[in-house]
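The structure appears right after this line, and notes come after that.
The values are calculated or read from the model by the stated rules, or taken from the named source; none is laboratory data. Values in this document were obtained by computation on a predicted structure and should not be read as measured data. Methodologically, a virtual Cβ is constructed for each residue, glycine included, from the backbone with ideal geometry; neighbour enumeration extends over all protein chains shown. In case anyone asks, the SASA skips ligands and DNA or RNA and just uses the protein heavy atoms, side chains included. Shrake-Rupley method; radii C 1.70, N 1.55, O 1.52, S 1.80 Å.
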Amino acid sequence: MSLTDQEVRHVAKLARIELPDAELERTRSHLNTMLGLIEQLQAIDTTGVEPMAHATELVLRLREDRVTEPDRRDACQAVAPAVENGLYLVPKVIE
Amino acid sequence: MNAPETVKSLAAKLAAGEASAVELAQDYLAKIRAANPAINAYVETNEDATLAEARAADALRAEGRAGPLTGVPLAHKDIFCQTGWHARCGSKMLESFAAPYDAGLIERSRAAGLVTLGRTNMDEFAMGSTNESSFYGAVRNPWNTGHVPGGSSGGSAAAIAAGLAPAASGTDTGGSIRQPAAFCGISGIKPTYGIVSRWGMIAYASSLDQGGPMARTAEDCALLLNTFAGFDERDSTSLQRPAEDYTRALAQPLAGLRIGLPKEFFGDGMADDVRAAVDAALATFRSLGAVTVDVSLPRAGMSVPAYYVIAPAEASSNLSRYDGVRYGYRAPEYGNLDDMYVKTRAQGFGAEVKRRILIGAYVLSHGYYDAYYLQAQKVRRLIAQDYEAAFAQCDLIMGPTTPNTAYRIGQNDEDPMAMYLGDIYTTSVNLAGLPGMSIPAGFGAGGLPVGLQIVGRWFDEARMLGAAHQFQQTTDWHLRIPG
């Protein structure tokens, strides 16, 4: 199978990546090539096989319920594009 | 010709008082100034920071508090968060980013007194096998500057091959330590998943990413793995195990060692020059007393397709954090919030990263999840089971690290598929979570290095490093330097 222009636009929207019309054809072609590669998986019989989500069969650890992280707001916000009074600035979302 | 310096030789000089950490650092910094512009292995140096670390190491030694590696210089891949340095991860998205904390591997490196020479170039967000996807320019292979060094840890591999660092950190998601090690004629090991902390290691595909050392010799890799490995409670997949000495099997003779040769790794895809070098390396192992046995990994051919579902799926989730709000790049002009996101990400990510995010979003999207993502996870288990079955017949598995020697720069520009398929021998190891390494096995056409891959059972790094070390006692491929 191969992706249509509409499907490529939909995926770009899901991924929050602007996709100008000029790049659509090239992107679609590359994605279809990758899809051709991963389509090969359909030929493998995986009946009854448990999916392997991770490299090790880990059980998540529990930790003590205590504060381990110091307050480093200033250091962390020093690398943000736009900050004011300890808050991250973004365009207005509620009119 | 003098033998090139190694971690071990430099540590010995420091211990004997023949050199100070400051002198070693100054020596390497001068070499970097002279030679780095031609190969672009380092993306950042900071001589003041390096020399401050070196002075601190010398002070520790003067106080009698030096560890075995205190004062030895090394380079770090630009993927590890490190205070005082940028962590740009090969991306425009993180051009302004300097981490406010140290990665687990960096903490361990600092605690051992290792001195940071600089930060090494890499494919953007570790997505690539050539280093050409770096926003900071391609790295050149020191053996032939018309060729790539491999990727994604290509800067680390090239720096070592060019003598601009004795060792470096790397990360490996589908071969990113082993493949550049093979292309640049050095040694590198991707440990068992969970051995080296992923805390502060910028994420690509979290169930596959693993940090590890790259160096000239297997012995150096063992010394550095002793430093890098260990439990970190901040990494939820870090394994709680007793500390190991990874040098413990270096002197072990190879008599009786059973080396499995998967027939799928010796098929038609391999270039003749790679085959010749790998065959000769295997003959050397037999001459040292090892025996080779034929094994099979029937689903190994499916590892690249499975990888290109699982890694992009995890990447599309991991890289959703780059939204222009908390760190990194933000588009200069935008309308509403959504417009800010889509423009920031369109401008901040390069083409290869966008491709992988998009295919990842697709395989996770409604209606395709079962057909692609779940199916890939099932195939992943079959690949891991194939390895388990093969290891019932052998102690280690060996084969070529890559089907070819280093690509020409620009060779894969129009067709990334050839580059993806070049990872055919390495990706299965990450999918199974096994340790894998690459060591120099000779040279192919045009004098480009060939790598031999060694894969072990889970947690069998010491045996792999020991076999590699024994091989390096009777060969000198790992000591050759570009002319």
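Could you please report the charge total around B:LEU382, scoring K, R as +1 and D, E as -1 over all other residues with beta-carbon less than 10 angstrom from its beta-carbon? With Lys, Arg at +1 and Asp, Glu at -1, the neighbours total +2.
What does the charge count around B:LEU421 come to, taking other residues whose C-beta lies under 13 Å from its C-beta (Lys +1, Arg +1, Asp -1, Glu -1)? The partial results should precede the final answer.
Numbers: positive: none; negative: B:ASP268, B:ASP415, B:ASP423.
Residues near B:LEU421 contribute -3 overall.
Kirkwood analysis of the protein assembly as shown, using all unique Cα-Cα pairs, places the hydrodynamic radius at 24.0 Å. Once the convex hull of all Cα atoms in region A:38-95 is built, its volume per residue stands at 321 Å³. Between region B:1-20 and region B:103-159, the alpha-carbon centres lie 23 Å apart.
Normalise the Cα radius of gyration of region B:402-465 by 2.2 N^0.38 Å (N = residues in it) and let me know the number.
Details: Rg = 13.9 Å, N = 64, 2.2 N^0.38 = 10.7 Å.
Against the compact-globule rule of thumb, the ratio is 1.30.
Phi angles of region B:142-153 translate, via the Karplus equation with coefficients 6.51, -1.76, 1.60 and θ = phi - 60°, into HN-Hα couplings of x, 6, 6, 6, x, 10, 7, x, x, x, 8, 7 Hz per residue; Gly and Pro are given as x.
Rounded to the nearest 500, what is the protein assembly as shown's calculated 222 nm mean residue ellipticity when only DSSP H runs of at least 4 contribute -39500 (n - 2.57) each, over all residues?
On the way: 18 runs with 212 residues, N = 578.
For the protein assembly as shown, the value works out to -11500 deg cm²/dmol.
Across peptide B:340-347, the average count of Cβ atoms from other chains found within 10 Å of a residue's Cβ is 5.
Would you mind classifying region B:270-428 by shape? Square roots of the alpha carbon gyration tensor eigenvalues, ordered a ≥ b ≥ c; an a/c under 1.5 is rounded, otherwise it is prolate if a/b is larger than b/c and oblate if not. Present the calculation step by step, with values, prior to reporting the outcome.
Values: a/c = 3.15, a/b = 1.95, b/c = 1.61.
Prolate is the answer for region B:270-428, as a/c is 1.5 or above and a/b outweighs b/c.
Using only alpha-carbon positions in chain B, the gyration tensor eigenvalues give semi-axes of 31, 29, 21 Å once each is multiplied by 5 and square-rooted (largest first). The per residue volume of the convex hull around the alpha-carbon atoms of region B:6-102 is 109 Å³. Given the pairs A:LYS92/B:LYS354; B:LYS190/B:LYS354; A:LYS92/B:LYS92; A:LYS13/B:LYS190; B:LYS354/B:LYS378, which span a C-alpha to C-alpha distance of over 31 angstrom in this model? Flagged as over cut-off: A:LYS13/B:LYS190.
With an 8 Å Cα cut-off and a minimum separation of 6 or more residues, compute the relative contact order for chain B in percent.
Details: 1159 pairs, mean separation 87.9, N = 483.
Computed value for chain B: 18 percent relative contact order.
Computed over protein heavy atoms with a 1.4 angstrom probe, the accessible surface ordering of B:LYS8, A:LYS13, largest first, is A:LYS13, B:LYS8. Shape descriptor for region B:256-342: Rg over Rh equals 1.34 (Cα atoms; Rh from the Kirkwood inverse mean 1/r).
What the Cβ-Cβ distance of B:LEU374 and A:GLU84 gives, at R0 = 35 Å and to the nearest 0.05, is a FRET efficiency of 0.20.
Evaluated at q = 0.13, 0.14 Å⁻¹, a Debye calculation over the C-alpha positions of region B:99-193 (equal weights, vacuum) places log10 I(q)/I(0) at -0.41, -0.48. Full extension of the chain between B:ARG65 and B:ALA35 yields a length gain of 7.4 nm, computed as 0.36 nm times the residue separation minus the alpha carbon distance. For the pair region B:243-264 and region A:22-95, the centres of their Cα atoms are 37 angstrom apart.
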